[in-house]
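Notes follow once the structure below has been shown.
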Amino acid sequence: YKLNRAEAELPTSVFGSAMMEVLTNRYSLDEISETPLEVLAADLNNLSHGRFGNAEEIAKALKRAVRNSYRLDKVMEDSVDVVLGMYADEIKMLSKQLKLLDKSIERICVAIPEVKPLLSIPGIGKIYAAGIIAELGQINRFKNEAQIAGYAGLTWRRSQSGESERQTTPLTHNGNQYLRYYLVEAANMVRINEPVFANYYKKKYSEVPKYQHRRAIVLSARKLIRLVYTLTTKHQLYQSPKMV
């Protein structure tokens with residue numbers, strides 16, 4: 001089948017493990033079309049262990065995509081199946097390798113004392129903690145958190161403080177892009193799990209009319225740098241301040 005692009009949009013990634021199982025092993029497109037909606041939704045929910053959210057909407061989107069598709073000729077269909085099968089196998093292989101790498105990182109984290117303070121911060125897991133420490137190296141080579149921010153490229157071209165209003169002024173994007181990635185992604189997880197960071201994010205988000213999330217999450221990452229520097233240099237665990 002050739003799926004119409006507009007009709008094939010799904011509220012989830014088609015490359016997720018559950019969706020790959022559905023499209024490559026569990027059902028043919030004809031079976032998706034013929035399977036009752038409630039049965040397909042229940043099966044999707046079981047395969048994803050509830051992570052799809054609204055499984056019925058995904059089931060409807062799948063049925064709609066199949067309904068608005070058209071059948072390819074045999075030669076073309078076989079060629080497409082071979083190519084898609086190769087991509088599916090490659091994705092499965094890479095996913096398996098990622099799981100093995102995650103397990104290796106978890107084992108290494110046990111032997112790195114600087115990781116423990118970062119793991120005490122709500123929202124930061126072993127992957128982000130290990131990534132931050134790996135890119136920082138020895139924390140004592142930085143005199144203060146501002147040096148870490150400069151090293152990560154979380155600074156601005158104009159001489160303004162990290163607390164001032166920033167909408168169109170771009171980041172320098174110099175420095176260690178991997179450290180910048182880990183800090184920004186970790187800050188996003190921390191603001192979801194830690195009320196103090198959540199309030200800080202909301203405050204910065206509401207201060208400007210555009211680029212709200214980008215600005216707020218970068219400033220949250222700057223706030224996280226101060227916390228990382230303090231905890232790792234003092235070898236302390238994180239304690240959430242009392243909320244007023």
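Each reported figure results from applying straightforward, stated rules to the coordinates on display, with no laboratory input. Treat the numbers as computed from the prediction; the structure is a model and nothing was measured. Every residue, glycine among them, receives a Cβ derived from its backbone with ideal geometry; neighbour counts consider all protein chains shown.
Some notes on this structure:
- Added length on full extension, which subtracts the Cα-Cα distance from 0.36 nm per residue, LEU119 to LEU37: 25.2 nm
- Between TYR178 and GLU90, the distance separating the two model label sites (each 7 Å from Cα on the Cα→Cβ line) works out to 2.3 nm.
- Packing rank of 90-103, 137-150, where each peptide gets the mean count of other beta carbons within 10 Å, highest leading: 137-150, 90-103
- Three-way shape call for the stretch 115-234 based on the alpha-carbon gyration tensor, with the a/c threshold at 1.5: oblate
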